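Chemist: One structure, as structure tokens, below. Some questions next.
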Ligand code: GRG
């Protein structure tokens, strides 16, 4: 490894360039997202087929949060999502792809955002989800058999949003989640795995949906999450890693669900999030100066909404959708 490479490897934070944006460039972001939807012949669109339904959720959710959903082609998008449904009841990322829990949840979320959940066959979707629950309470994401706490949240959220949470064995799923709870207060992908902010969001979200947050030590978990804040104000996913704007969401939403949003320094965190915006193209990148994409854009915007940015719709911390579109499907925690 070169000397420069070695220094980069040892780097645990980023500097915010002087020229970084200092406020939310809302108008630019909706243009950026709309461009993604339009450019169907483009390289990025074509290469993203394997994650398209998730990508659709990120884009329409970003537009809903920025109050610009009317600019998206609702009918075309809903028809596309419905065409990704498979005979097993689940949804794949694109027509002809196998079903996966991630895309099944994103399909349901997209239908809710466009207020047409009635077009989904709730019973067959929940049967599909139920079929992926294992004897130890865990969930596989698809037939490949990979178990991960992400899939517990996807299962709980999908069935809750369809009003059929009782289709799942909640007690055994919660027992499994508690086996993934580490002594440092975090959660990992499976029992014994390293704590990671993304997995903590999934486990806390699932426990909140199940009404079982009292089963964990909220302060211990919140402290682990608060230690993710770097000097730049940005948050990392685990110790010794670089900050990334998407963790602004995974960490902040977890703290919000735990009722501990004040464990983070808001001012420096907002500075970091603003600095991740591309002031030419619109969109957010993982870190200042990197290339913007819809994934980091939606989670950057959602984090700012949690901080109460009044130009944005209010976001729900469990489902990462506007409170407005969720209506009665929300879970009030406090
Ligand atoms: C939004 C309701 C809702 C559900 C989504 C799939 C899911 C549920 C959540 C994913 C949570 C998660 C695991 C986020 C982390 C994503 C990410 C950037 C992982 C990168 O991992 P590494 O190891 O990065 O490459 P670090 O930052 O640890 O070096």
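Please treat every number below as a calculation from the coordinates, not as lab data. Not measured: the values here are computed from a predicted model. Note that each Cβ is placed from the backbone with ideal geometry, even for glycine, and that neighbours are counted across all protein chains shown.
Chemist: Pick from 233, 308, 282: which residue has the top mean-square fluctuation in a GNM of the chain where Cα pairs under 10 Å get a spring?
Modeler: Comparing 233, 308, 282 in a Gaussian network model of the chain, the most mobile one is 308.
Chemist: Pairs of alpha-carbon atoms within less than 8 angstrom and 6+ residues apart define the contacts here; what relative contact order does the chain have, in percent?
Modeler: 19
Chemist: Sticking with this structure for a sec: Taking Cα pairs under 8 Å and at least six residues apart, what relative contact order does segment 10-130 come out at, in percent?
Modeler: 22
Chemist: Which one, 237, 185, 92, has the greatest fluctuation when you compute a Gaussian network model over the chain with C-alpha springs under 10 angstrom?
Modeler: Of the options given, 185 has the highest mean-square fluctuation.
Chemist: Would you please calculate the Kirkwood hydrodynamic radius of the chain over all C-alpha pairs and express it in Å, rounded to one decimal?
Modeler: Here the Kirkwood hydrodynamic radius works out to 20.2 Å.
Chemist: Hey, what's the per residue convex hull volume over the C-alpha atoms of segment 27-104, in cubic angstrom?
Modeler: 86
Chemist: Further, regarding this structure: Averaged over every viewing direction, what's the projected area of the C-alpha convex hull for segment 181-253? Give it in nm², one decimal, please.
Modeler: With every direction weighted equally, the projected area is 4.6 nm².
Chemist: For residue 226 and residue 119 in the same chain, what is the full-extension length gain: residue separation times 0.36 nm, less their Cα-Cα distance, in nm?
Modeler: Residue separation times 0.36 nm, minus the Cα-Cα distance, leaves 34.4 nm.
Chemist: Roughly what would the spin-label model give for residue 67 and residue 45, points 7 Å off Cα along C-beta, in nm?
Modeler: 2.9
Chemist: So what is the relative contact order for segment 132-186, in percent, with contacts set as C-alpha pairs under 8 Å and at least six apart?
Modeler: Reported as a whole number, the value is 35 percent.
Chemist: If you find the alpha carbon centre of segment 42-89 and of segment 262-322, how far apart are they in angstrom?
Modeler: 20
Chemist: With 17 Å as the cut-off, how large is the P(r) tail for segment 146-211, expressed as percent of Cα-Cα pairs?
Modeler: 32
Chemist: Also: Using square roots of five times the C-alpha gyration tensor eigenvalues, list the equivalent-ellipsoid semi-axes of segment 42-175 in whole Å, biggest first.
Modeler: Rounded to whole Å, the semi-axes are 25, 16, 13.
Chemist: Quickly work out the residue 190-to-residue 20 label distance, labels modelled 7 Å from Cα along the C-beta direction, and quote it in nm with one decimal.
Modeler: In this crude label model, residue 20 to residue 190 measures out at 3.7 nm.
Chemist: Using bins 10 angstrom wide from zero, how does P(r) for segment 220-326 break down, in % of all Cα pairs?
Modeler: Answer for segment 220-326: a P(r) of 16, 50, 30, 3, 0 percent.
Chemist: What is the diffusion coefficient of segment 117-252 in µm²/s, taking the Kirkwood radius over Cα pairs and the Stokes-Einstein relation at 4 °C with a viscosity of 1.567 mPa s?
Modeler: Taking Rh from Cα pairs, D becomes 84 µm²/s.
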